[in-house]
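Asker: Okay, here's the structure, questions in a sec.
Just so you know, all these numbers are worked out from the coordinates, no wet-lab data involved. What you see is a predicted model; the values in this text were computed from it and never measured. In this analysis, Cβ positions are derived from the backbone assuming ideal geometry, glycine residues included, and neighbour counts consider all displayed protein chains.
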Amino acid sequence: MSITLDTPVARELPAALTFPPVDPTPLAIATDRCKGCELCIAACSPHVLALDEAVVNKLGYHPIRLTDPHGCTSCAKCAKVCPDAVFTVFAPAKER
């Protein structure tokens, strides 16, 4: 069963769940829910996450941003430590 945009179910799903990212990005961040706790920054081995100090979200916090999409390894450490579940990690395509 596929979900199309004109169904009530699709309208209730977050955008990250209804569409894959347009550009091949390893990580989608729900910046509207991020509280900027920085736990993900500490957990990120490749050091590709940072606070976006130029943006304040609707909760009044500086959200996290991905600084280098090519440096992200899709390890999901950020998602594992995030108390607000703001990360959706997309694994790179496996070579066949």
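Asker: Restricting to the range 77-96, give me the number of residues that are touching a helix residue (DSSP H, G or I) at 6+ places or on another chain (Cβ under 9 Å) and either surrounded by fewer than 13 Cβ atoms within 10 Å (Cβ to Cβ) or over 15 Å from residue 44 (Cα atoms) (or both).
Answerer: The qualifying residues number 3.
Asker: So, one more: Which members of the range 34-76 meet the condition of being in contact with a His (Cβ under 8 Å, 6 or more places away or on another chain), more than 26 Å from residue 24 (Cβ to Cβ) and loosely packed, with under 15 Cβ neighbours inside 10 Å?
Answerer: 53, 56
Asker: Could you list, in sequence order, all residues of the range 41-76 that are in contact with a helix residue (DSSP H, G or I) (Cβ under 6 Å, 6 or more places away or on another chain) and of a type in the set (Gly, Ala, Ser)?
Answerer: The one that is in contact with a helix residue (DSSP H, G or I) (Cβ under 6 Å, 6 or more places away or on another chain) and of a type in the set (Gly, Ala, Ser): 43.
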